[in-house]
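Derivation of every value follows stated rules applied to the coordinates shown; laboratory data play no part. The shown structure was predicted, so the numbers you read here are calculated from the model rather than taken from an experiment. Positions of Cβ are backbone-derived with ideal geometry, glycine not excepted, and every protein chain shown enters the neighbour counts.
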Amino acid sequence: MAGTLLGLRTESKLDRTWVEVDLAAVRANARTVQARSGARLMPMVKADAYGLGAVPIAKALEELDPWGFGVVAAEEGIALRAGGIVRPVVVVQPTLPMLPACARAGLTPALGSDDEIRAWRALGDLPFHVSVDTGMNRGGIAWDAVTTAIPAFADAPGFEGLMTHFHSAWDDPASVREQWGRFQAVLASLPRRPTLVHAANSVAALGYPEVACDLVRPGIFLYGGRAGRHEPRPVVRWQALTSRAAWVDPGATVSYSARWSAPKRTCVVSVAAGYADGLRRAVEGKGAMLVAGRRWAMAGAVTMDFTMLAMDEPPPAGAVATLIGTDGVESITLDTFAGWADTISYEILTGLGPRVRRVYAG
């Protein structure tokens with residue numbers, strides 16, 4: 001049985017497990033961010049667009065006329081260039097050794113130290129942003145120490161942007177106000193306002209339009225993950241083929257360490273996705289999948305290549321199990337799946353393994 005998205009056949013005869021990526025939904029989510037924030041987009045496509053494919057995602061977003069895209073590593077920006085992306089690409093918090101490669105590829109670093117600023121300016125009058133740490137304590141020049149660094153960058157021909165990052169926009173409005181006040185103090189201390197000021201991630205862009213500035217940097221919301229109280233359109237459907245189906249008697253155990261036993265006569269069905277594919281072992285005892293429009297509980301520990309379901313009847317040969325997405329009237333959302341794994345949607349998407357083929361439509 002072939003899975004489908006918008007009427008397209010989605011897996012080849014060699015596939016065990018695959019993720020369907022609805023590019024129309026990605027664009028719809030981006031439009032929601034645009035409308036609520038009123039700012040131009042700089043979508044974050046770091047970590048291969050959160051595991052979904054940076055080049056296909058960036059190309060899909062081109063029709064929204066984003067200012068540019070955001071990454072974290074020079075290699076990610078170079079891959080976008082190789083894929084035909086010509087818009088600005090900001091490398092957020094680059095390491096010092098990355099800077100020459102950024103210059104060669106026409107990437108724009110967001111610099112966060114005196115050493116980085118000096119090293120970048122030594123390469124020529126190339127565009128750069130300055131990152132200000134207003135409380136995240138992960139990178140950037142500390143907000144209360146920026147004044148000492150101003151002479152190094154404020155008058156540089158390449159200085160075009162200033163940025164910060166909110167650490168708790170989803171649940172702590174007071175922290176947003178505090179960080180925003182610090183950022184505004186830094187802006188006021190500059191001899192000139194740079195062309196591009198940006199601070200807001202998905203949650204801040206959707207919930208705090210007053211901090212939208214010139215650009216917003218949406219990430220998880222584009223890819224179907226909840227951003228605070230804001231629900232996106234679903235983007236991914238993760239599916240896998242079923243394989244072995246066998247009846248077991250009450251008391252029979254399933255999988256490693258024999259922690260699960262059948263409460264009654266049960267059809268145990270193996271699904272071709274395991275922790276090597278990104279299906280986390282933490283879902284044991286909590287997770288479920290959809291087969292033939294019904295929800296079935298997982299049975300026993302997730303293994304490297306397979307996960308078992310406890311079913312009342314054997315599925316048709318070659319039936320498809322849905323790990324994330326909709327089958328009939330039943331759905332398992334990305335955030336529900338992440339909750340079973342005691343993690344966040346970001347980690348589920350970025351943890352999808354290379355064996356999980358990405359299929360695009362929309």
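Fewest to most neighbouring Cβ within 10 Å: what's the order for V90, V176? Intermediate values should be presented prior to the final figure.
On the way: V90 29, V176 23.
Final ranking by Cβ density, sparse to dense: V176, V90.
Only Lys, Arg, Asp and Glu count, each charged at its Cβ (+1, +1, -1, -1), so figure out the dipole size of the chain about its Cα centre, rounded to 20 debye. Please list the in-between numbers first.
On the way: 36 positive and 35 negative charges, 129 e Å.
It works out to roughly 620 debye.
When N is the residue count of the chain, what does its C-alpha Rg come to as a fraction of 2.2 N^0.38 Å? Before the final figure, lay out each step's value.
Values: Rg = 23.3 Å, N = 362, 2.2 N^0.38 = 20.6 Å.
Compactness ratio reported: 1.13.
How do R192, R280, R237 line up, fewest other C-beta atoms within 10 Å first?
Numbers: R192 8, R280 19, R237 25.
Ascending number of Cβ neighbours within 10 Å: R192, R280, R237.
I need two numbers for region 1-149: Rg to one decimal and Dmax as a whole number, Cα atoms only, in Å.
Looking at region 1-149, its Cα Rg and Dmax stand at 18.4, 64 Å.
Can you return the aspartates and glutamates within cross-link range of K59? Criterion is Cα-Cα under 16 Å, with same-chain partners fewer than 8 residues away left out.
Straight-distance partners of K59: D22, D48, E76.
Per residue Cα convex hull volume for region 236-361, in cubic angstrom? Before the final figure, lay out the partial values.
On the way: hull volume 12.8 nm³, N = 126.
It is 102 Å³ per residue.
Determine the distance separating the Cα centre of region 192-268 from the Cα centre of region 75-105; give it in Å without decimals.
When both Cα centres are located, 28 Å separates them.
Give the aspartates and glutamates whose C-alpha is closer than 13 Å to that of K264, dropping any in the same chain fewer than 8 places away, or say none.
Counting by Cα, and skipping residues close in sequence, K264 has these aspartates and glutamates nearby: D249, D312, E313.
What does the helix-only formula give at 222 nm for the chain: each DSSP H stretch with n ≥ 4 adding -39500 (n - 2.57), the total divided by the residues, and the result rounded to the nearest 500 deg cm²/dmol? Please report the intermediate quantities before stating the final value.
On the way: 11 runs with 97 residues, N = 362.
My calculation for the chain gives -7500 deg cm²/dmol from helical runs alone.
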